[in-house]
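Note sheet for the following structure.
The values are calculated or read from the model by the stated rules, or taken from the named source; none is laboratory data. Model, not experiment: these values are computed from the prediction. Using ideal geometry, Cβ is built from the backbone for each residue, glycine included, and neighbour counts are taken over all protein chains shown. Protein only, heavy atoms only, side chains kept; ligands, DNA and RNA dropped before computing areas. Shrake-Rupley method; radii C 1.70, N 1.55, O 1.52, S 1.80 Å.
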Amino acid sequence: MPTSAHDLSAGHPGLASSAFLKAARGEPVPHTPVWFMRQAGRSLPEYLKLREGIGMLESCMRPELITEITLQPVRRYGVDAAIFFSDIVLPLKAIGVDLDIKPGIGPVVAAPVRTLADVAAIDDLTPDHVDYVTEAVRTLVAELGATPLIGFAGAPFTVASYLVEGGPSKEHAKTKAMMYGAPEVWDALLTKIASISATYLEVQVRAGASAIQLFDSWAGAVNPADYARFVMPYSATVLERAGALGVPRIHFGVGTGELLGLMGQAGADVVGVDWRVPLTDGIARVQGRAVQGNLDPCLVFAPTEVMLDRAAEIIEAGRSAPGHIFNLGHGVLPSTDPDQLARLTEFVQGYPPAGL
Ligand code: CP3
(Lines give C-alpha, C1' and ligand atoms only; values in the text may rest on other atoms or scores of the structure.)
Protein backbone atom coordinates (compact mmCIF):
# COMPACT_ATOMS: atom_id res chain seq x y z
CA MET A 1 0.00 0.00 0.00
CA PRO A 2 1.20 3.54 -0.61
CA THR A 3 1.68 5.72 2.47
CA SER A 4 -1.73 6.53 3.73
CA ALA A 5 -3.16 9.95 3.05
CA HIS A 6 -6.41 8.42 4.31
CA ASP A 7 -5.92 7.98 8.03
CA LEU A 8 -8.10 5.07 9.04
CA SER A 9 -7.25 5.68 12.67
CA ALA A 10 -9.33 8.84 12.34
CA GLY A 11 -12.39 6.61 11.90
CA HIS A 12 -13.75 3.92 14.20
CA PRO A 13 -10.94 2.10 16.09
CA GLY A 14 -12.23 -1.30 14.92
CA LEU A 15 -12.09 -0.42 11.22
CA ALA A 16 -8.43 -1.12 10.53
CA SER A 17 -8.78 -4.59 12.10
CA SER A 18 -11.99 -5.47 10.23
CA ALA A 19 -11.81 -8.81 8.40
CA PHE A 20 -12.71 -7.08 5.13
CA LEU A 21 -9.86 -4.55 5.18
CA LYS A 22 -7.39 -7.16 6.44
CA ALA A 23 -8.26 -9.53 3.60
CA ALA A 24 -8.05 -6.67 1.09
CA ARG A 25 -4.53 -5.97 2.34
CA GLY A 26 -3.53 -9.63 2.32
CA GLU A 27 -3.25 -9.84 6.14
CA PRO A 28 -4.45 -12.82 8.23
CA VAL A 29 -8.18 -12.75 9.00
CA PRO A 30 -10.36 -14.10 11.86
CA HIS A 31 -12.84 -15.36 9.24
CA THR A 32 -13.29 -15.01 5.48
CA PRO A 33 -15.11 -11.67 5.08
CA VAL A 34 -18.27 -11.61 2.98
CA TRP A 35 -20.42 -9.01 1.25
CA PHE A 36 -22.55 -9.17 -1.90
CA MET A 37 -22.48 -7.01 -5.00
CA ARG A 38 -25.98 -5.46 -5.28
CA GLN A 39 -26.71 -6.49 -1.69
CA ALA A 40 -28.99 -3.45 -1.49
CA GLY A 41 -31.75 -3.55 -4.03
CA ARG A 42 -34.75 -5.31 -5.38
CA SER A 43 -34.27 -8.61 -3.57
CA LEU A 44 -35.06 -6.81 -0.29
CA PRO A 45 -38.73 -6.09 0.56
CA GLU A 46 -37.64 -3.16 2.75
CA TYR A 47 -35.87 -1.65 -0.29
CA LEU A 48 -38.91 -2.05 -2.55
CA LYS A 49 -41.07 -0.40 0.10
CA LEU A 50 -38.73 2.57 0.52
CA ARG A 51 -38.35 3.08 -3.24
CA GLU A 52 -42.12 3.10 -3.96
CA GLY A 53 -42.86 6.06 -6.25
CA ILE A 54 -39.23 7.30 -6.23
CA GLY A 55 -37.06 7.01 -9.34
CA MET A 56 -33.72 5.18 -9.11
CA LEU A 57 -31.56 8.24 -9.79
CA GLU A 58 -33.63 10.45 -7.53
CA SER A 59 -33.07 7.98 -4.70
CA CYS A 60 -29.30 8.25 -5.35
CA MET A 61 -29.49 12.02 -4.75
CA ARG A 62 -31.30 12.01 -1.41
CA PRO A 63 -28.89 11.48 1.48
CA GLU A 64 -31.50 10.02 3.85
CA LEU A 65 -32.54 7.43 1.24
CA ILE A 66 -28.94 6.58 0.27
CA THR A 67 -28.09 6.09 3.94
CA GLU A 68 -31.08 3.92 4.75
CA ILE A 69 -30.78 1.75 1.62
CA THR A 70 -27.04 1.22 2.18
CA LEU A 71 -27.68 0.13 5.77
CA GLN A 72 -30.56 -2.27 5.00
CA PRO A 73 -28.43 -5.27 3.96
CA VAL A 74 -25.92 -4.60 6.74
CA ARG A 75 -28.70 -4.82 9.34
CA ARG A 76 -30.31 -7.84 7.73
CA TYR A 77 -27.24 -9.96 7.00
CA GLY A 78 -24.46 -8.55 9.19
CA VAL A 79 -22.16 -8.59 6.15
CA ASP A 80 -18.51 -7.55 6.60
CA ALA A 81 -18.80 -4.44 4.43
CA ALA A 82 -21.41 -1.98 3.20
CA ILE A 83 -21.41 -0.71 -0.39
CA PHE A 84 -22.50 2.85 -0.99
CA PHE A 85 -25.92 2.99 -2.66
CA SER A 86 -25.58 4.81 -5.97
CA ASP A 87 -25.04 3.89 -9.61
CA ILE A 88 -22.16 4.04 -12.07
CA VAL A 89 -24.04 6.65 -14.14
CA LEU A 90 -24.90 8.93 -11.19
CA PRO A 91 -21.85 11.22 -11.70
CA LEU A 92 -22.92 11.75 -15.34
CA LYS A 93 -26.42 12.69 -14.21
CA ALA A 94 -24.87 15.04 -11.65
CA ILE A 95 -22.96 16.95 -14.33
CA GLY A 96 -26.04 17.31 -16.49
CA VAL A 97 -25.90 14.44 -18.99
CA ASP A 98 -29.50 13.72 -20.02
CA LEU A 99 -29.99 10.14 -18.88
CA ASP A 100 -32.31 7.98 -16.84
CA ILE A 101 -32.29 4.53 -15.31
CA LYS A 102 -35.33 2.72 -16.67
CA PRO A 103 -36.75 -0.07 -14.49
CA GLY A 104 -35.82 -3.51 -15.82
CA ILE A 105 -33.67 -1.97 -18.56
CA GLY A 106 -30.86 0.08 -17.05
CA PRO A 107 -29.24 3.40 -17.94
CA VAL A 108 -30.63 5.10 -21.07
CA VAL A 109 -28.84 8.16 -22.54
CA ALA A 110 -30.95 10.68 -24.52
CA ALA A 111 -28.19 11.84 -26.91
CA PRO A 112 -25.51 9.18 -27.41
CA VAL A 113 -21.90 10.38 -27.64
CA ARG A 114 -20.32 9.93 -31.08
CA THR A 115 -18.03 12.87 -31.88
CA LEU A 116 -15.26 14.95 -30.33
CA ALA A 117 -17.75 17.79 -29.96
CA ASP A 118 -20.07 15.44 -28.01
CA VAL A 119 -17.19 14.57 -25.68
CA ALA A 120 -16.18 18.21 -25.25
CA ALA A 121 -19.76 19.00 -24.21
CA ILE A 122 -19.45 16.69 -21.16
CA ASP A 123 -18.41 18.69 -18.10
CA ASP A 124 -15.83 17.62 -15.57
CA LEU A 125 -17.13 16.50 -12.19
CA THR A 126 -16.35 18.63 -9.16
CA PRO A 127 -17.17 17.61 -5.57
CA ASP A 128 -19.94 20.22 -5.28
CA HIS A 129 -21.88 18.44 -8.07
CA VAL A 130 -22.36 15.56 -5.63
CA ASP A 131 -22.57 17.22 -2.20
CA TYR A 132 -25.35 14.75 -1.29
CA VAL A 133 -22.80 11.95 -1.72
CA THR A 134 -20.39 13.59 0.71
CA GLU A 135 -23.22 14.09 3.18
CA ALA A 136 -24.48 10.50 2.88
CA VAL A 137 -21.00 8.97 3.21
CA ARG A 138 -20.31 11.01 6.37
CA THR A 139 -23.56 9.90 7.96
CA LEU A 140 -22.97 6.31 6.90
CA VAL A 141 -19.46 5.95 8.31
CA ALA A 142 -20.69 7.33 11.62
CA GLU A 143 -23.56 4.79 11.65
CA LEU A 144 -21.47 1.87 10.41
CA GLY A 145 -18.80 2.11 13.10
CA ALA A 146 -16.36 -0.77 12.62
CA THR A 147 -18.02 -1.97 9.38
CA PRO A 148 -16.13 -0.60 6.35
CA LEU A 149 -17.95 1.33 3.64
CA ILE A 150 -16.95 0.54 0.04
CA GLY A 151 -17.15 3.47 -2.37
CA PHE A 152 -17.45 2.69 -6.07
CA ALA A 153 -17.39 4.03 -9.59
CA GLY A 154 -17.79 2.70 -13.10
CA ALA A 155 -14.62 2.08 -15.09
CA PRO A 156 -14.18 4.14 -18.28
CA PHE A 157 -14.96 1.29 -20.73
CA THR A 158 -18.21 0.27 -19.04
CA VAL A 159 -19.44 3.84 -18.58
CA ALA A 160 -18.45 4.66 -22.18
CA SER A 161 -20.50 1.73 -23.43
CA TYR A 162 -23.68 3.33 -22.00
CA LEU A 163 -22.78 6.77 -23.38
CA VAL A 164 -21.92 5.52 -26.87
CA GLU A 165 -24.66 2.90 -27.25
CA GLY A 166 -27.27 5.11 -25.62
CA GLY A 167 -28.34 2.22 -23.40
CA PRO A 168 -27.54 -1.35 -22.40
CA SER A 169 -26.01 -3.51 -25.12
CA LYS A 170 -24.94 -7.11 -25.59
CA GLU A 171 -22.36 -6.73 -28.34
CA HIS A 172 -21.12 -3.19 -27.62
CA ALA A 173 -20.88 -2.77 -31.40
CA LYS A 174 -21.05 1.03 -31.52
CA THR A 175 -18.62 1.29 -28.63
CA LYS A 176 -16.11 -0.94 -30.41
CA ALA A 177 -16.70 0.89 -33.70
CA MET A 178 -15.49 4.07 -31.96
CA MET A 179 -12.64 2.24 -30.21
CA TYR A 180 -11.27 0.79 -33.48
CA GLY A 181 -12.40 3.45 -35.95
CA ALA A 182 -12.09 6.79 -34.16
CA PRO A 183 -9.26 6.36 -31.67
CA GLU A 184 -8.97 10.11 -31.03
CA VAL A 185 -12.64 10.32 -30.00
CA TRP A 186 -12.20 7.17 -27.93
CA ASP A 187 -9.16 8.60 -26.17
CA ALA A 188 -10.94 11.89 -25.43
CA LEU A 189 -14.03 10.10 -24.12
CA LEU A 190 -12.19 7.60 -21.91
CA THR A 191 -9.89 10.32 -20.59
CA LYS A 192 -12.94 12.39 -19.64
CA ILE A 193 -14.72 9.47 -17.94
CA ALA A 194 -11.53 8.44 -16.11
CA SER A 195 -11.33 11.91 -14.63
CA ILE A 196 -15.02 11.86 -13.61
CA SER A 197 -14.81 8.39 -12.05
CA ALA A 198 -11.59 9.22 -10.19
CA THR A 199 -13.11 12.41 -8.76
CA TYR A 200 -16.24 10.49 -7.78
CA LEU A 201 -14.10 7.96 -5.89
CA GLU A 202 -12.07 10.73 -4.23
CA VAL A 203 -15.27 12.36 -2.98
CA GLN A 204 -16.36 9.08 -1.37
CA VAL A 205 -12.96 8.32 0.17
CA ARG A 206 -12.42 11.86 1.47
CA ALA A 207 -15.84 11.66 3.15
CA GLY A 208 -14.83 8.40 4.87
CA ALA A 209 -15.20 5.35 2.58
CA SER A 210 -12.42 2.91 3.52
CA ALA A 211 -12.12 0.93 0.27
CA ILE A 212 -13.21 1.37 -3.33
CA GLN A 213 -14.43 -0.92 -6.10
CA LEU A 214 -14.02 -0.03 -9.76
CA PHE A 215 -16.73 -1.81 -11.78
CA ASP A 216 -15.68 -2.64 -15.32
CA SER A 217 -18.65 -4.93 -15.74
CA TRP A 218 -18.51 -5.16 -19.53
CA ALA A 219 -14.71 -5.21 -20.07
CA GLY A 220 -14.96 -8.95 -20.79
CA ALA A 221 -16.25 -7.96 -24.24
CA VAL A 222 -12.70 -7.17 -25.44
CA ASN A 223 -9.66 -9.39 -25.97
CA PRO A 224 -6.49 -8.97 -23.90
CA ALA A 225 -4.51 -7.04 -26.55
CA ASP A 226 -7.33 -4.55 -27.06
CA TYR A 227 -7.90 -4.38 -23.31
CA ALA A 228 -4.22 -3.48 -22.78
CA ARG A 229 -4.32 -0.82 -25.50
CA PHE A 230 -7.78 0.72 -25.35
CA VAL A 231 -9.14 0.07 -21.85
CA MET A 232 -6.48 -0.59 -19.23
CA PRO A 233 -4.60 2.77 -19.37
CA TYR A 234 -7.76 4.68 -18.46
CA SER A 235 -8.73 2.29 -15.65
CA ALA A 236 -5.13 2.55 -14.41
CA THR A 237 -5.51 6.33 -14.15
CA VAL A 238 -8.61 5.93 -11.99
CA LEU A 239 -7.00 3.27 -9.79
CA GLU A 240 -3.86 5.35 -9.39
CA ARG A 241 -5.79 8.39 -8.18
CA ALA A 242 -7.79 6.26 -5.74
CA GLY A 243 -4.61 4.51 -4.58
CA ALA A 244 -3.02 7.85 -3.78
CA LEU A 245 -5.59 8.15 -0.98
CA GLY A 246 -4.31 4.94 0.62
CA VAL A 247 -7.45 2.79 0.42
CA PRO A 248 -7.55 -0.77 -0.96
CA ARG A 249 -8.85 -0.97 -4.52
CA ILE A 250 -11.04 -3.79 -5.86
CA HIS A 251 -11.31 -4.15 -9.65
CA PHE A 252 -14.16 -6.25 -11.04
CA GLY A 253 -15.69 -7.25 -14.36
CA VAL A 254 -17.83 -10.05 -15.79
CA GLY A 255 -16.50 -12.59 -18.31
CA THR A 256 -12.97 -11.35 -17.64
CA GLY A 257 -11.23 -14.73 -17.29
CA GLU A 258 -8.67 -13.79 -19.95
CA LEU A 259 -8.15 -10.32 -18.45
CA LEU A 260 -7.65 -11.05 -14.76
CA GLY A 261 -3.85 -10.62 -14.85
CA LEU A 262 -4.13 -7.30 -16.67
CA MET A 263 -6.92 -6.09 -14.40
CA GLY A 264 -4.59 -6.68 -11.46
CA GLN A 265 -1.72 -4.89 -13.20
CA ALA A 266 -4.01 -1.92 -13.86
CA GLY A 267 -3.49 -1.12 -10.20
CA ALA A 268 -5.82 -3.30 -8.14
CA ASP A 269 -5.14 -4.63 -4.66
CA VAL A 270 -8.02 -7.10 -5.02
CA VAL A 271 -9.28 -8.58 -8.30
CA GLY A 272 -12.92 -9.64 -8.56
CA VAL A 273 -13.39 -13.04 -10.20
CA ASP A 274 -16.71 -14.02 -11.77
CA TRP A 275 -18.23 -17.49 -11.37
CA ARG A 276 -17.00 -18.82 -14.72
CA VAL A 277 -13.38 -19.01 -13.57
CA PRO A 278 -12.38 -21.63 -10.94
CA LEU A 279 -11.15 -19.49 -8.03
CA THR A 280 -7.79 -21.30 -7.89
CA ASP A 281 -7.21 -20.38 -11.56
CA GLY A 282 -8.21 -16.79 -10.83
CA ILE A 283 -5.74 -16.67 -7.95
CA ALA A 284 -2.93 -17.92 -10.20
CA ARG A 285 -3.77 -15.32 -12.85
CA VAL A 286 -3.68 -12.29 -10.53
CA GLN A 287 -0.11 -13.02 -9.42
CA GLY A 288 0.06 -12.38 -5.71
CA ARG A 289 -2.94 -10.12 -5.38
CA ALA A 290 -5.99 -10.73 -3.20
CA VAL A 291 -9.20 -11.95 -4.85
CA GLN A 292 -12.92 -11.45 -4.41
CA GLY A 293 -15.70 -13.84 -5.40
CA ASN A 294 -17.03 -16.02 -6.82
CA LEU A 295 -20.18 -18.05 -6.11
CA ASP A 296 -22.55 -18.29 -9.08
CA PRO A 297 -25.40 -15.86 -8.22
CA CYS A 298 -27.82 -18.60 -9.35
CA LEU A 299 -26.65 -21.00 -6.62
CA VAL A 300 -28.93 -19.20 -4.18
CA PHE A 301 -31.80 -20.88 -6.06
CA ALA A 302 -30.38 -24.35 -5.32
CA PRO A 303 -31.18 -26.20 -2.08
CA THR A 304 -29.34 -24.58 0.84
CA GLU A 305 -26.96 -27.56 1.34
CA VAL A 306 -25.93 -27.44 -2.32
CA MET A 307 -25.27 -23.69 -2.10
CA LEU A 308 -23.28 -24.08 1.13
CA ASP A 309 -21.20 -26.99 -0.26
CA ARG A 310 -20.15 -24.76 -3.16
CA ALA A 311 -19.46 -21.89 -0.76
CA ALA A 312 -17.18 -24.16 1.30
CA GLU A 313 -15.21 -25.09 -1.84
CA ILE A 314 -14.73 -21.40 -2.61
CA ILE A 315 -13.61 -20.57 0.94
CA GLU A 316 -11.09 -23.44 0.81
CA ALA A 317 -9.82 -22.36 -2.61
CA GLY A 318 -9.51 -18.77 -1.38
CA ARG A 319 -6.97 -19.84 1.20
CA SER A 320 -4.21 -20.09 -1.38
CA ALA A 321 -4.55 -16.35 -2.08
CA PRO A 322 -2.86 -13.67 0.05
CA GLY A 323 -6.39 -12.44 0.80
CA HIS A 324 -9.89 -13.61 -0.12
CA ILE A 325 -13.14 -11.67 0.17
CA PHE A 326 -16.16 -13.92 -0.36
CA ASN A 327 -18.78 -12.57 -2.77
CA LEU A 328 -21.00 -13.74 -5.59
CA GLY A 329 -19.46 -13.84 -9.07
CA HIS A 330 -21.77 -10.94 -10.05
CA GLY A 331 -24.61 -9.02 -8.43
CA VAL A 332 -27.50 -10.43 -6.39
CA LEU A 333 -30.37 -11.25 -8.75
CA PRO A 334 -33.65 -9.46 -7.92
CA SER A 335 -35.54 -12.76 -7.38
CA THR A 336 -33.05 -13.93 -4.73
CA ASP A 337 -34.55 -15.05 -1.41
CA PRO A 338 -32.90 -12.85 1.24
CA ASP A 339 -33.07 -15.76 3.72
CA GLN A 340 -30.65 -17.70 1.49
CA LEU A 341 -28.17 -14.80 1.63
CA ALA A 342 -28.60 -14.67 5.41
CA ARG A 343 -27.72 -18.39 5.63
CA LEU A 344 -24.80 -17.92 3.27
CA THR A 345 -23.40 -14.99 5.28
CA GLU A 346 -23.67 -16.93 8.54
CA PHE A 347 -22.00 -19.95 6.95
CA VAL A 348 -19.04 -17.99 5.53
CA GLN A 349 -18.45 -16.03 8.74
CA GLY A 350 -18.75 -19.19 10.87
CA TYR A 351 -16.53 -21.37 8.66
CA PRO A 352 -13.60 -22.59 10.75
CA PRO A 353 -10.29 -20.85 10.04
CA ALA A 354 -7.53 -22.88 8.37
CA GLY A 355 -5.83 -25.38 10.68
CA LEU A 356 -8.84 -25.93 12.96
O1 CP3 B 1 -24.11 -3.15 -5.04
C2 CP3 B 1 -24.90 -2.41 -4.43
O3 CP3 B 1 -25.73 -2.85 -3.60
C4 CP3 B 1 -24.79 -0.90 -4.62
C5 CP3 B 1 -25.64 -0.35 -5.60
C6 CP3 B 1 -25.31 -0.41 -7.08
C7 CP3 B 1 -26.30 -0.11 -8.04
N8 CP3 B 1 -25.73 -0.08 -9.26
C9 CP3 B 1 -27.71 0.17 -7.72
C10 CP3 B 1 -28.71 -0.15 -8.75
C11 CP3 B 1 -24.12 -0.64 -7.77
C12 CP3 B 1 -22.76 -1.03 -7.24
C13 CP3 B 1 -24.40 -0.41 -9.15
C14 CP3 B 1 -23.37 -0.47 -10.19
C15 CP3 B 1 -23.79 -0.64 -11.59
N16 CP3 B 1 -24.79 0.00 -12.26
C17 CP3 B 1 -23.10 -1.46 -12.52
C18 CP3 B 1 -21.89 -2.27 -12.20
C19 CP3 B 1 -22.25 -3.46 -11.39
C20 CP3 B 1 -22.74 -4.64 -12.16
O21 CP3 B 1 -23.85 -5.11 -11.84
O22 CP3 B 1 -22.01 -5.12 -13.05
C23 CP3 B 1 -23.76 -1.35 -13.76
C24 CP3 B 1 -23.39 -2.07 -15.03
C25 CP3 B 1 -24.82 -0.41 -13.60
C26 CP3 B 1 -25.78 0.06 -14.61
C27 CP3 B 1 -27.15 -0.38 -14.20
N28 CP3 B 1 -27.93 0.31 -13.27
C29 CP3 B 1 -27.85 -1.56 -14.56
C30 CP3 B 1 -27.35 -2.60 -15.54
C31 CP3 B 1 -29.05 -1.57 -13.84
C32 CP3 B 1 -30.08 -2.67 -13.78
C33 CP3 B 1 -31.27 -2.44 -14.63
C34 CP3 B 1 -32.44 -3.26 -14.13
O35 CP3 B 1 -33.41 -2.63 -13.67
O36 CP3 B 1 -32.35 -4.50 -14.14
C37 CP3 B 1 -29.08 -0.39 -13.06
C38 CP3 B 1 -30.15 0.00 -12.12
C39 CP3 B 1 -29.82 -0.22 -10.69
N40 CP3 B 1 -28.67 0.20 -10.08
C41 CP3 B 1 -30.65 -0.86 -9.73
C42 CP3 B 1 -29.97 -0.80 -8.51
C43 CP3 B 1 -30.44 -1.31 -7.18
C44 CP3 B 1 -32.02 -1.45 -10.02
C45 CP3 B 1 -33.02 -0.37 -10.27
C46 CP3 B 1 -34.06 -0.24 -9.21
O47 CP3 B 1 -33.95 -0.76 -8.09
O48 CP3 B 1 -35.04 0.48 -9.51
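For segment 263-356, list the helices (runs of 4 or more DSSP H) that sit wholly inside it and hold at least 2 residues that are more than 25 Å from L239 (Cβ to Cβ); which are they? Outline the logic, then answer.
On the way: elements: 279-285, 304-318, 338-350.
In segment 263-356, 304-318, 338-350 are the helices (runs of 4 or more DSSP H) which contain 2 or more residues that are more than 25 Å from L239 (Cβ to Cβ).
Pairs please, first residue from segment 168-190 and modelled with pLDDT of 95 or more, second anywhere and among the polar types (S, T, N, Q), Cβ atoms under 6 Å, 6+ apart in sequence or on different chains.
Between residues of segment 168-190 that are modelled with pLDDT of 95 or more and residues that are among the polar types (S, T, N, Q), the close pairs are H172/S161; T175/S161.
Could you tell me whether Y227 is free of Cβ contacts under 8 Å to residues at least 40 places away in the same chain, in contact with an Asp or Glu (Cβ under 9 Å, 6 or more places away or on another chain) and part of a helix (DSSP H, G or I)? Quick ask: steps written out before the conclusion?
Working: free of Cβ contacts under 8 Å to residues at least 40 places away in the same chain: yes; in contact with an Asp or Glu (Cβ under 9 Å, 6 or more places away or on another chain): yes; part of a helix (DSSP H, G or I): yes.
Yes, satisfied.
Here is a check on your reading of the model: is L125 assigned to a loop (DSSP other than H, G, I, E, B), within 17 Å of D87 (Cβ to Cβ) and not small (G, A, S)?
Details: assigned to a loop (DSSP other than H, G, I, E, B): yes; within 17 Å of D87 (Cβ to Cβ): yes; not small (G, A, S): yes.
Yes, satisfied.
Are there any helices (runs of 4 or more DSSP H) wholly within segment 28-82 with 1 or more residues that are in contact with a strand residue (DSSP E or B) (Cβ under 8 Å, 6 or more places away or on another chain) and at negative phi, and if so which?
On the way: elements: 45-51, 56-59, 63-77.
The helices (runs of 4 or more DSSP H) meeting that bar are 56-59, 63-77.
Looking at segment 83-93, which of its residues are assigned to a helix (DSSP H, G or I) and among the hydrophobic types (A, V, I, L, M, F, W, C)? Give the derivation first.
From segment 83-93, those assigned to a helix (DSSP H, G or I) are 90-93; that's our starting set.
Across segment 83-93, the qualifying residues are L90, L92.
For the list (1) open to solvent by less than 10 Å² (accessible area, probe 1.4 Å); (2) assigned to a helix (DSSP H, G or I); (3) within 25 Å of V205 (Cβ to Cβ), I need the number of the one condition that V119 fails.
(3)
Answer yes or no: is there a residue in segment 185-204 that is more than 21 Å from G272 (Cα to Cα), within 16 Å of the ligand (Cβ to nearest atom), open to solvent by 20 Å² or more (accessible area, probe 1.4 Å) and among the hydroxyl-bearing types (S, T, Y).
no
Tell me yes or no: at least one residue of segment 282-297 is without any contact (Cβ under 8 Å) to a residue 12 or more places away in the chain and farther than 19 Å from L341 by Cα.
Pass one, segment 282-297, residues without any contact (Cβ under 8 Å) to a residue 12 or more places away in the chain: 284.
Keeping just the survivors that are farther than 19 Å from L341 by Cα gives 284.
So far as segment 282-297 goes, yes, one or more of its residues are without any contact (Cβ under 8 Å) to a residue 12 or more places away in the chain and farther than 19 Å from L341 by Cα.
Taking the residues in segment 72-93 that are near the ligand (Cβ under 9 Å from one of its atoms), among the β-branched types (V, I, T) and farther than 15 Å from V137 by Cα as candidates, determine which candidate is least open to solvent (accessible area, probe 1.4 Å).
V89
What number goes with the only condition from (1) under 24 Å from I315 (Cβ atoms); (2) in a loop (DSSP other than H, G, I, E, B); (3) open to solvent by less than 70 Å² (accessible area, probe 1.4 Å); (4) away from the ligand (no atom under 16 Å from the Cβ) that G96 does not pass?
The one condition G96 does not meet is (1).
Being open to solvent by 10 Å² or more (accessible area, probe 1.4 Å) and under 18 Å from N327 (Cβ atoms) is the requirement here; does T32 meet it? Walk me through it before giving the result.
Values: open to solvent by 10 Å² or more (accessible area, probe 1.4 Å): yes; under 18 Å from N327 (Cβ atoms): yes.
Judged against the criteria, T32 is a match.
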